[in-house]
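Down below is the structure, laid out as structure tokens.
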Amino acid sequence: RSVRIKRSKDVVKFKVRCSKYLYTLCVFDVEKADKLKQSLPPGL
């Protein structure tokens with residue numbers, strides 16, 4: 001698995017590549033995005 005984080009002025013997108021699908025989570029709150037980024041495991 002791998003996670004890519006794309007930032008624009010409005011939204012932060014977390015793109016998670018799994019074996020079959022690419023999952024995209026769009027977060028519109030910057031504080032929630034930072035909290036989510038900190039909660040990711042370090043090996044990801």
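Count the lysine pairs in the chain whose Cα atoms sit under 12 Å apart, keeping only pairs 8 or more residues apart in sequence or on different chains.
Values: Lys6/Lys15; Lys6/Lys37; Lys13/Lys32; Lys13/Lys37; Lys15/Lys37.
Summing the qualifying lysine pairs gives 5.
Run the helix sum for the chain: -39,500 (n - 2.57) per DSSP H stretch of 4+ residues, divided by residue count, reported at 222 nm to the nearest 500 deg cm²/dmol. Working shown, then result.
Numbers: 1 runs with 10 residues, N = 44.
Value at 222 nm, helices only, nearest 500: -6500 deg cm²/dmol.
List, in order, the whole-Hz ³J(HN,Hα) value for each residue of region 9-21 obtained from phi through the Karplus relation with A = 6.51, B = -1.76, C = 1.60 and θ = phi - 60°; use x for Gly and Pro.
Karplus-based 3J(HN,Hα) across region 9-21 equals 6, 9, 9, 10, 10, 9, 9, 9, 8, 9, 5, 10, 10 Hz.
Karplus couplings for region 28-36 from phi (6.51 cos²θ - 1.76 cosθ + 1.60, θ = phi - 60°), rounded to Hz, Gly and Pro as x?
Calculated HN-Hα couplings, in order: 9, 9, 5, 5, 5, 5, 5, 5, 5 Hz.
Could you check the spin-label model distance between Tyr21 and Asp34? Points 7 Å from the Cα along Cα→Cβ, value in nm.
About 3.1 nm, to one decimal.
Every number in this text was worked out from the coordinates using simple rules, so none of it is lab data. Source: prediction; values computed, not measured. Neighbour counts run over all protein chains shown; Cβ positions are idealised from the backbone, glycine included.
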